[in-house]
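For reference, the structure discussed in these notes is given below.
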Amino acid sequence: MTTARPSRGGTVTFEGEYATITFERSIRHPIHVVWEALTESEHLARWYMTRARLDPREGGSIDYRSGPAQYHVTGKILVWQPPKVFEHEWNVEPRKELPKGEKSIVRWELTPEGEGTLLRLTHKRLTRQTAIGFSSGIHAFLDRLENELDGAPLVDWRTRVDEVRSNYPGWGA
């Protein structure tokens, strides 16, 4: 089952007990600028609310304290092709709101689009419940990424999550 979203929204696809969240955004900034925002610690600290340590190479690692909940995310970098593809494991140990933890894959793909960039984010192999909870949060983070790149004030993450939540499965309309 796939739930389609408005143009700035994402899709959540369920397959058995797992789900994939996918977003595409046209961003009005060059690919190298978007790449830096996705891979440099100082940018990630602002828009992604993440303390990030990356060993930026294929086979390298990520170590994040991420988002308002400060999930400790670790993983291996599976694909590192600057400035086009960054794919990594997204492993979170069990905790209260994620009793089984998560072992999933995040893929950021950037494609030049005129003077801007087409960003495609795929977060796959999430448990169904996590995907339902995360879809609106990822939406809010991508809005903050665009704010960051535009030099605009960052939208409040919690407020934006609440505004877009009903667009995603599991929350009702």
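The values are calculated or read from the model by the stated rules, or taken from the named source; none is laboratory data. None of the values given here were measured: they were computed from a predicted structure. Because the Cβ atoms are built from the backbone with ideal geometry, glycine has one as well, and the counts that use them run over all protein chains shown.
For segment 31-68, the tally of residues that are of a type outside the set (D, E), farther than 18 Å from D143 by Cβ and surrounded by fewer than 18 Cβ atoms within 10 Å (Cβ to Cβ) stands at 10. The number of residues in segment 109-144 that are of a type in the set (A, V, I, L, M, F, W, C) and closer than 22 Å to K84 by Cα comes to 7. Taking the criterion of being of a type in the set (V, I, T) and either part of a strand (DSSP E or B) or touching a Pro at 6+ places or on another chain (Cβ under 8 Å) (or both), the residues of segment 15-44 that qualify are T20, I21, T22, I27, I31, V34, T39. Considering segment 8-30, and only residues there that are over 15 Å from R165 (Cα atoms) and among the charged types (D, E, K, R), the residue that is surrounded by the fewest Cβ atoms within 10 Å (Cβ to Cβ) turns out to be E17.
Pull up segment 96-110, narrow it to residues that are loosely packed, with under 13 Cβ neighbours inside 10 Å and touching a residue at least 24 places away in the same chain (Cβ under 8 Å), then point me to the one that is nearest to Y48 (Cα to Cα). Among those residues, the one meeting the criterion is E97. Restricting the first member to segment 57-69 and to residues that are more than 29 Å from G133 (Cα to Cα), and the second to residues that are in a strand (DSSP E or B) and of a type outside the set (D, E, K, R), the beta-carbon pairs closer than 7 Å and six or more apart or on different chains are R57/I77; R57/W80; E58/I77; E58/V79; E58/W80; G59/I77. There is at least one residue in segment 75-94 that is loosely packed, with under 14 Cβ neighbours inside 10 Å and either in contact with a Lys or Arg (Cβ under 7 Å, 6 or more places away or on another chain) or aromatic (F, W, Y) (or both).
Per this entry, E87 is counted among residues that are out of contact with any Ser or Thr (no Cβ under 8 Å at 6 or more places or on another chain), modelled with pLDDT of 95 or more and under 17 Å from S41 (Cα atoms). Please indicate, with yes or no, whether at least one residue in segment 96-119 is hydrophobic (A, V, I, L, M, F, W, C) and over 17 Å from the mean Cα position of the chain (by Cα). Yes. For segment 120-162, residues that are among the acidic types (D, E), crowded, with 20+ Cβ neighbours inside 10 Å and closer than 16 Å to A69 by Cα total 0.
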